[in-house]
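In what follows, a single structure is set out as structure tokens and then discussed.
The values are calculated or read from the model by the stated rules, or taken from the named source; none is laboratory data. Computed from a predicted model, the values in this text were never measured in an experiment. Every residue, glycine as well, gets a Cβ built from its backbone with ideal geometry; the counts of neighbours run over all protein chains shown. Quick note on the areas: whole protein, heavy atoms, side chains included, nothing else; ligands and nucleic acids left out. Shrake-Rupley method; radii C 1.70, N 1.55, O 1.52, S 1.80 Å.
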Amino acid sequence: MKTILIVFLKEWKDTLRDRRTLIAMIVVPLLLFPLLFGISSRMFKAQVETARSKTLRIGLISYGQASGLREMLLGREDVYLIEELTVDEGKRLVREDSLNGLFVLVPDFDQRIETLRQGALAFYYKSKERHGIEILRMNEILDAYRERLRRKRFDALRLDISLIETLAVEETNLSTQKEQIANMIGGFLPYIFIIFCFMGGMYPAIDLAAGEKERGTLETLLSTPARRFHILMGKFGVVTLVGLGSATISILGLYLGIRTDPDLPQEFLKSILGMFEVRSIIMVFLLLVPLSVLSAGIQLSISMLAKTFKEAQSQLTPLMMVVIVPAFLGLMPGMELSFWTALIPILNVSLATKAIIAGVSNPGLYAVVYFSSGVIAVLSLAFCARFFVREETLFRT
Amino acid sequence: MGIAICESVRFVVRLNERVRHMIEVQNVTKTFRLSRARKRETENRSRENILTAVSGLSFSCRPGRVFTLLGPNGAGKTTLLRILATMMRPTAGSVRVCGFDTVHQAAEVRRRLGFMTGDTGLYDRLTPTELVRYYADLFGLPRDRYLENRDSLFGRLGIHDFADRRIGKLSSGMKQKVSIARTMIHDPEVVVFDEPTAGLDVITARAIIDLIHDCRDTGKTVIFSTHIMSEVSLVSDDLAVIHRGRLRYCGDFKAFRSQMRSDSLEGEFIRILGETP
């Protein structure tokens, strides 16, 4: 035990002095979300504000019809109306982004309305993501005009406008707000910490195994009275702790990102913060422990087999893809914790976290998740230990 | 009373035997299973997937003497030294270091052994003090002995001036001194040097040769492997020539010199290797 502690303390000190590990373990998970939320929210807000306040350039070819629509458009301060156009010219100007939209009415529009038929209008626009809000605003104008015509028609016919509502539906969602939000972000949270758990532990795993081989320090370490298993346990402890730390910091970063986002609705913020209950935090943290052990076992084993730092790096990077798949499956709608999914590594952690956050009480399934994760974690440690005592692995040149 | 005296005499005789031969290598063979890629690399054209690194080696080393293991690259020197240092298990035969079996009493062997190679690396992010302390802890040295040994080594090697600087920022000569301090911190009875001067400049290599002389003068058993002829004359008391995993010569270095059929050590070495079937 003393030897494990000696190796652990040395490796811990060494690892914390490694800039790459510090960046992957602390800086990235801590700053990623506040920065991501801050920048994206600010950019989104700025874009929306620009699109909302922008004066719309709308072309209208009315053939002297629909004076109401024309008046409506002229009466708006946020619309610049262009009328002296042919259809082809108008279409060209829309394509060239000189017009935001073009309304072309049928020549008998007024007659159609008067004879209680449908008035027809062609609406030309150029669909682009950044034009979304502008199109929405033009549709709002058309909706308002449609509503005005409808009311006029119903008044002329002396009918109550509510007659067109044939079915009144009163929807009530009985899910708690916590459950609704957990469904939205519950899958995202484990996805984040699973990735950071593996990413954070990657550099120490490479440095403490393949790096040690490449530096030529492994031989001298093996020539001390320390048992190989104890040396491995010391290293294993560091990689596990770094993975665990990285995952925890990523959650902290997410929390900070949410807290510091000024544009998040207060009610939503309150519900999210309400999910960070002590009980949930402890339960999720207990899931992270076997996950970190599993990550350390896999990464150290691969690193041990590699001859050099670079080789280990190139072998461990694709591992992230393998990890992402079950973590991503946890995000899929309809994917829920069951006896069978509770047995699948990584996916079980993802689904269990989602359920814990939603406040779903299912101690039996949680026990299966903890048990299977624990077994897999121990197996990964045993697998790694088997590698570390083999001459073929240690002296592979 | 008589029985007690007899037991004491027997103990002293056993101790003397042990001390007389600090390293006893008996019929040691080491084979490796070759992977397909390794087989191609080693140009092993035989059908067998086995590579014999050392075959039936037997010799012994005494305290206060330097035993030089001379052989070309790939002769099996490193494998043999790794077996001595308990890093590898022999496929056949046995090795005893300070009377302890390298397979069954590996920890006892390692406790008494210092190991240094030419490509020994150090931990760049630690300071010399932290590194030496780490190894002292791994060797289970009590704090007072650690401090005493550290101060003595740091003083002799002139490490005090840079003892608290990160190793990554030291020159190669400084690093080599730290490496020596690391090897000697537990004051080992047996010191294994595996091509320790490989790739070093003349001054640093000289420091290593001085260290080997120091070890011999303080009664330690030194086993030194090299393929550099000039170093052989500088340090050797006993010599073993190894080629393709087999011993071609093993005995007193002076006797070797007197029996030489070539004009130079190098010529004699090549002649011996040339006789190898």
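If R0 is 51 Å, what FRET efficiency do you get for A:Leu319 and A:Ser127 from their C-beta distance, rounded to 0.05?
E between A:Leu319 and A:Ser127, to the nearest 0.05, is 0.80.
Across the protein assembly as shown, how large is the tail of the calculated P(r) beyond 48 Å, expressed as a percent of all Cα pairs? Each step should come with its number before you reach the end.
Details: 98708 of 226801 pairs.
Here the tail beyond 48 Å accounts for 44 percent of pairs.
Leaving out ligands, DNA and RNA but keeping every protein chain, what accessible area does B:His227 have, in Å² rounded to the nearest 10, with a 1.4 Å probe?
80 Å²
If you take the beta carbon distance between B:Arg165 and A:Val48 as r and set R0 to 60 Å, what does 1/(1 + (r/R0)^6) give as a FRET efficiency, to the nearest 0.05?
The computed FRET efficiency comes out at 0.60.
Just for chain A, what percent of DSSP beta bridges are antiparallel, to the closest 5?
35 percent
Amide H of B:Ile242: which non-local residues (sequence gap of 5 or more, or other chain) have their own amide H closer than 5 Å, using H built in the peptide plane?
Here the answer is B:Leu70, B:Gly71, B:Arg248, since their amide H atoms fall under 5 Å of that of B:Ile242.
Post the alpha-carbon centroid distance, the range A:288-347 to the range A:89-164, in whole angstrom.
54 Å
Using only the heavy atoms of the protein chains and a 1.4 Å probe, how would A:Ile58, A:Ile135 rank by accessible area, largest first?
Result, largest first: A:Ile135, A:Ile58.
Which FRET efficiency value, to the nearest 0.05, is calculated for A:Thr308 and A:Val360 with the Förster distance at 45 angstrom and r the Cβ-Cβ distance?
Taking R0 as 45 Å, the efficiency between A:Thr308 and A:Val360 is 0.45.
Translational diffusion coefficient of the range A:210-322 at 25 °C, 0.890 mPa s, Stokes-Einstein with Kirkwood Rh over Cα pairs, in µm²/s as a whole number.
Details: Rh = 16.9 Å.
Diffusion coefficient, whole number: 145 µm²/s.
As a test, work out the antiparallel percent of DSSP beta bridges whose residues both lie in chain B, rounded to the nearest 5.
The answer is about 50 percent antiparallel.
Give me the Kirkwood hydrodynamic radius of the range A:1-42, using the inverse of the mean 1/r over all pairs of distinct Cα atoms, in Å to one decimal.
12.3 Å
For the cross-link pairs B:Lys177/B:Lys220; A:Lys54/A:Lys126; A:Lys54/A:Lys152; A:Lys10/B:Lys30; A:Lys235/A:Lys307; A:Lys213/B:Lys77, which exceed 22 Å when the distance is taken from alpha carbon to alpha carbon?
Result: A:Lys54/A:Lys152; A:Lys10/B:Lys30 exceed 22 Å.
Quick one: net charge of B:Ile83's neighbours, Cβ under 14 Å, K/R +1, D/E -1? Walk me through the numbers on the way to the answer.
On the way: positive: B:Lys30, B:Lys77, B:Arg82, B:Arg89, B:Arg96, B:Arg110; negative: A:Glu219, A:Glu391, B:Glu24, B:Asp101, B:Asp194.
Surrounding charge for B:Ile83 is +1.
Relative contact order of chain A, please, whole-number percent, based on alpha carbon pairs below 8 angstrom and at least 6 residues apart.
22 percent
Restricting to the protein assembly as shown, compute how many DSSP beta bridges are antiparallel as a %, nearest 5.
Taking every DSSP beta bridge with both residues in the protein assembly as shown, the antiparallel ones total about 50 percent.
List the GluC sites (Glu not before Pro) in the range A:2-96 that DSSP assigns to loop (not H, G, I, E or B) and whose Cβ has at most 11 other Cβ atoms within 10 Å. Which are they?
Sites meeting the loop and neighbour criteria: A:Glu77, A:Glu84, A:Glu96.
In square angstrom, rounded to the nearest 10, how much accessible surface does A:Lys54 have for a 1.4 Å probe?
It works out to around 80 Å².
Report the local net charge at A:Gly38: Lys and Arg +1, Asp and Glu -1, summed over other residues whose C-beta lies under 14 Å from its C-beta.
Values: positive: A:Arg42, A:Lys45, A:Arg259; negative: A:Asp261, A:Asp263.
Once positives and negatives cancel, what remains is +1.
Please report, as a whole percent, how much of the solvent-accessible surface of chain A comes from carbon and sulfur atoms (probe radius 1.4 Å).
Carbon plus sulfur share of accessible area: 62 percent.
Quick one: length gained pulling A:Glu71 to A:Arg227 fully straight, 0.36 nm per residue minus the C-alpha distance?
Here the segment from A:Glu71 to A:Arg227 would lengthen by 47.2 nm.
So how compact is chain A: Cα radius of gyration and Dmax in angstrom?
Using the Cα atoms of chain A, the pair Rg, Dmax is 31.3, 102 Å.
Full-extension gain between A:Ala382 and A:Glu165, please, as 0.36 nm times their residue separation minus the C-alpha to C-alpha distance.
Length gained, A:Ala382 through A:Glu165: 71.3 nm.
Give me Rg/Rg_expected for the range A:57-164, where Rg uses Cα atoms only and Rg_expected = 2.2 N^0.38 Å with N residues.
In units of the 2.2 N^0.38 Å rule of thumb, it is 1.14.
Which number comes out as Rg/Rh for the range B:22-174 once both Rg and the Kirkwood Rh are worked out on C-alpha atoms? Don't skip to the answer; put the middle values down first.
Numbers: Rg = 19.2 Å, Rh = 18.3 Å.
Value, to two decimals: 1.05.
Quick one: accessible surface of A:Tyr370, probe radius 1.4 Å, all protein chains present, in square angstrom to the nearest 10.
Around 70 Å² of this residue is reachable by solvent.
Sort A:Arg117, B:Arg96, B:Arg33 by accessible area with a 1.4 Å probe, largest first.
B:Arg33, A:Arg117, B:Arg96
For Cα pairs less than 8 Å apart in space and 6+ apart in sequence, what is the mean separation divided by the residue count of the range A:57-164, i.e. the relative contact order in percent? Intermediate results must be reported in sequence, preceding the final value.
Numbers: 121 pairs, mean separation 28.1, N = 108.
Relative CO of the range A:57-164 lands at 26 percent.
For the range A:288-397, what's the radius of gyration and Dmax over Cα atoms, in angstrom?
Cα only, the range A:288-397: 16.3, 53 Å (Rg, Dmax).
Counting only helical runs of four or more DSSP H residues, what would the 222 nm mean residue ellipticity of chain B come to if each run contributes -39,500 (n - 2.57) and the total is spread over all its residues?
That calculation yields -13000 deg cm²/dmol at 222 nm.
In sequence order, what are the phi-derived ³J(HN,Hα) couplings for the range B:191-198 according to the Karplus relation 6.51 cos²θ - 1.76 cosθ + 1.60 with θ = phi - 60°, rounded to whole Hz, with x for glycine and proline?
Along the range B:191-198, the couplings run 10, 9, 10, 9, 6, x, 9, 4 Hz.
When the gyration tensor of the range A:59-110 is built from Cα positions, what are the square roots of 5 times its three eigenvalues, in whole Å, from largest to smallest?
18, 15, 7
With a 1.4 Å probe and all protein chains kept in place, how do A:Phe109, A:Phe309 rank by accessible area, largest first?
A:Phe309, A:Phe109
What is the range A:248-389's relative contact order, in percent, from Cα pairs under 8 angstrom and six or more apart in sequence?
32 percent
I'd like to know how chain B sits against the 2.2 N^0.38 Å rule of thumb: what's its Cα Rg over that expected value?
Here the answer is 1.08, to two decimals.
Per DSSP H run of at least 4 residues, take -39500 (n - 2.57); add these up for chain A, divide by its residues and hand me the 222 nm value, nearest 500 deg cm²/dmol. Before the final figure, lay out each step's value.
Numbers: 18 runs with 263 residues, N = 397.
Mean residue ellipticity at 222 nm (helix-derived): -21500 deg cm²/dmol.
If a helix is a whole DSSP H run, which ones in chain A reach 20 Å or further along their own axis (Cα) and hold a mean Kyte-Doolittle hydropathy of at least -1.0?
A:2-16, A:28-53, A:132-156, A:188-206, A:228-259, A:278-305, A:309-329, A:363-388
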